[in-house]
Amino acid sequence: MKRGYINFIIGAVVLLNLSVTSCSDVLDETPRSIYEPSAFKTEEGVMGGLTSMYAHLRYIYGQAYYYNACQTGTDEATYAQSADGNFKDHDLSGVGTLTASTSRSDVLWGTAFSNINTASGIIENAEVVGTISDALIAEARFFRAFDYFLLVQTFGGVPLDLGAGIMEFNTSTSRTSVRNTVPEVYTIGIFPDLIKAVENLPEAGRVTGGVTKTAARLFLAKAYLTYAWWLENPNNISTYPECDRVDPDGHDASWYFQQAYDIAVEAIDNPGTFGLQETFYDVNLAQNDRNNEILLYADHTEDSEYYNGGSLSYGSGSAPDNFAVWMMTWNYTNIRSSVDETWTDLKSSVQREAAQAYGRPWTRMCPTIGVIENTFADKANDSRYDGTFVTSYRANWPKGGVDNDYLYNANNMIVYPGDAILTFLDEEPATTIDYSNSVYKSNIGAGVLPGRSDYVISPRGISRLTYPGLWKLGCYRTDNGNGLGQPNAASTRPFNIAKFSELYFVAAEAAVKGASTQEGKTAVDLINIIRARAGKWRWDNNGNSEKVEDRSADMIAATPSVITIDYILAERSREYYGEGYRWFDLVRTQTWADLAGLYEICGSGLGDHTPVSYSRTIEDYHYLRPIPQGQLDALEMTEQEKYDYQNPGYRDL
């Protein structure tokens, strides 16, 4: 795929594809070509600007190259067999170099600043309009703070003045820029807006998917937590622009950890319309999308190309499509089974389908062996492995027009539609897997075990070519009929951004960092609520059968009596694996190099099942992403000023 760079000029007014909202339950997106700055002086313009803020999420979340920047190079993911530089550069394992021109955090930079300026226009002009409620203004404040929070975590200090003054709406092109410090961004650009959002947003969204008081509390608590870590700076990681790690309001890290805990607990105690789903499986089940655990998502739909933000029949491979899950989907469509025992007539037994376990394969990213063996070590009690990955690839050939009643598979045994054709095993088997091509005729390099009709690959055999898929983000359509549907289209599911469950993690992490806790809400208490839920099964996803079991007691019994940050991070990975959280988690806690510096994976060759250890070079400066080259090129500043504008470590690359 050809990629482009965002030549975003800070302060330029770009207000495309805005729309207005009606009094219905959903966003009513009416096409607009462009809004001039004066549009914000009308009620229609303000409402259109608000709707555009929800639409802007689609240009960040589900955008696969930005998704890669949040995952690849962490302990959750590495590059896969078909990866190009977009992915290899982020792995930091010697196969590429992360520079101002190659970092895919450029996706965030341009999208966020355009939206920030839109938000400022709404906030500034709402009083002039006179009919805009405080609750509506609070939506704009939420999104302005939301974008600044993403930016400061990613790049360090960023500009608060887009050309018209600090936090002011800019209506003219500005080709110069000054970056504010991290404390200034938090205390001027994030905390005040989120505090106002908590005060004025409703408990129930104004529209389906609309931001609420609970969502604002979550992001305020996360911002307090992240800033507290920044102030503490346990591993002495440098920041930029250079400044003392001193809070301008005179508070220390402990004060902010306490605030994070208090706000998160307040949200848990006052959930409004939100809460935890009964099982982990239900949180990410496509048929249960937009459930009450999801606080914020970038929405899509299969009902209308316009409302979806992209084609319903093909994927463009660019925003606003939701195509992130393609990257962690290997080419399972290469699997072949035989019409007869001679293996002279082969059929595609697992065909590309618009179903949650399948979808479009790109083979750009894959989990490491450590994810399968260590992060998800407990696969018997903990439902989260089964509710995260596709480990059983099942026959669906009739949907693709293959008429055979049965086919021959591993060990020349007969398989029927719905049977497992390939299984990624939960653990290393007692019997050695036979990966010999002369025995089993697998064309994808899988192996066989005696008496099994499915091909198998063990945890230590996953490779950059073949690995468990990411079920939780998988595509899903209700309009497939009896066929394969539209598997080449981007996902029409919403991309989840924030979940109610994270409030428990934020409060627990703050407690581990010393926050005083309430009775019944210690770090252990909070984590055990999440772990107990993970022990509740109602469906064996990869066994494709009902499984009503409650392993909550076993999960709680296995929780350590003393919770550490490493344990919090391990639990976060089990809960949010592959959802785009991980790079931020490791950077916040300054554990990236420790937890992701080494990983194991087998190679890219067919039938390669020999684990190899890889090391990553994660320097202190990598804890910030580079300012995108397109931004630097657009600035009319001296070369020295541009040099100084860039984050150290990326200036000479």
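Based on C-alpha pairs under 8 angstrom that are at least 6 apart in sequence, the stretch 121-229 has a relative contact order of 28 percent.
A simple rule links phi to the HN-Hα coupling: the Karplus curve 6.51 cos²θ - 1.76 cosθ + 1.60 with θ = phi - 60°, which for the stretch 264-272 gives 5, 5, 4, 5, 5, 6, 10, x, x Hz, with x for Gly and Pro. A straight chain from SER133 to GLU641 at 0.36 nm per residue would run longer than the Cα-Cα distance by 178.7 nm. Let me make sure I get this right: for the stretch 324-473, a, b and c are the square roots of the gyration tensor eigenvalues over alpha carbons, sorted descending. Under 1.5 in a/c it's rounded, otherwise prolate if a/b > b/c, else oblate. Which is it? Here the stretch 324-473 falls in the oblate category. When each of the peptides 66-78, 458-470 is scored by how many other beta carbons lie within 10 Å of its residues on average, the order from highest to lowest is 66-78, 458-470. Taking 27 Å as the limit for the C-alpha separation, the pairs LYS41/LYS499; LYS222/LYS521; LYS472/LYS547; LYS472/LYS536; LYS513/LYS642 exceed it in the case of LYS41/LYS499; LYS513/LYS642. Measuring from a point 7 Å past the Cα of GLU341 along Cα-to-C-beta, which residues in the stretch 438-461 have an amide N at less than 17 Å? Correct set: 439-441, 451-453. Taking Cβ atoms as reference points and 9 Å as the exclusive limit, the residues near LYS213 contribute a net charge of -1, counting Lys and Arg as +1 and Asp and Glu as -1. Couplings 3J(HN,Hα) of the stretch 438-444, computed from phi: 6, 9, 10, 6, 6, 8, 10 Hz, in residue order, whole Hz [Karplus 6.51 cos²θ - 1.76 cosθ + 1.60, θ = phi - 60°; x for Gly and Pro]. For a Förster distance of 35 Å, can you work out the FRET efficiency between the beta-carbons of ILE195 and ARG538, rounded to the nearest 0.05? The value I calculate is 0.30. Let a ≥ b ≥ c be the square roots of the eigenvalues of the Cα gyration tensor of the stretch 310-401; is it rounded (a/c under 1.5), or, if not, prolate (a/b larger than b/c) or oblate? Since a/c reaches 1.5 but b/c is at least a/b, the shape of the stretch 310-401 is classed as oblate. Listed by Cβ neighbour count within 10 Å, with the fewest neighbours leading, MET53, MET328 appear as MET53, MET328. The Cβ shell under 11 Å around TRP592 holds other residues with a net charge of -2, Lys and Arg each +1, Asp and Glu each -1. A cut-off of 5 Å between modelled amide H atoms, ignoring neighbours fewer than 5 places along the same chain, links ASN322 with SER491. Dimensions of the stretch 395-498 based on its C-alpha atoms, expressed as ranges along the principal axes with the largest first, amount to 42, 39, 18 Å.
Taking a Cβ cut-off of under 9 Å around ASP193, the surrounding Lys, Arg, Asp and Glu residues balance to a net charge of +3, with basic ones at +1 and acidic ones at -1. The residue among THR333, ALA395, TYR435 whose Cα reaches farthest toward the positive pole of the charge dipole of the stretch 324-473, with charges on the beta-carbon of Lys, Arg, Asp and Glu, is THR333. Rounded to whole numbers, the Karplus 3J(HN,Hα) couplings from phi for the stretch 208-225 are 4, x, x, 6, 9, 4, 5, 4, 5, 5, 4, 6, 5, 4, 5, 5, 4, 4 Hz, using 6.51 cos²θ - 1.76 cosθ + 1.60 with θ = phi - 60°, and x at Gly and Pro. Taking every alpha-carbon pair under 8 Å whose residues sit at least 6 apart, the chain reaches a relative contact order of 19 percent.
For Rg and Dmax of the Cα atoms in Å, the value computed from the atomic coordinates appears in the list (1) 24.8, 79; (2) 24.6, 86; (3) 29.9, 92 under label (1).
Take the Cα radius of gyration of the stretch 538-653 and divide it by 2.2 N^0.38 Å, N being the number of residues; the result is 1.61. Distance from the C-alpha centroid of the stretch 117-141 to that of the stretch 89-107: 38 Å, rounded to the whole angstrom.
If you average the sequence gap of Cα pairs under 8 Å that are 6 or more apart and divide by the length of the stretch 324-473, what percent do you get for the contact order? Across the stretch 324-473, relative contact order equals 29 percent. A simple packing score, the average count of other Cβ atoms within 10 Å per residue, orders the peptides 437-447, 346-356 as 346-356, 437-447, with the highest score first.
Annotation: amide H of ASP434 within the under-5 Å range of VAL448, sequence separation 5 or more or interchain, hydrogens built in the peptide plane.
Peptides 59-65, 374-380, ordered by how many other C-beta atoms sit within 10 Å of their residues on average, highest first, read 59-65, 374-380. Taking amide hydrogens as placed 1.01 Å from N in the peptide plane, the amide H of MET365 sits under 5 Å from those of ALA80, MET328, THR329, each at least 5 positions away in sequence or on another chain.
Only the coordinates and a few stated rules stand behind these numbers; no lab work does. Owing to the predicted nature of the structure, the values given are computational and were not obtained by experimental measurement. Note that each Cβ is placed from the backbone with ideal geometry, even for glycine, and that neighbours are counted across all protein chains shown.
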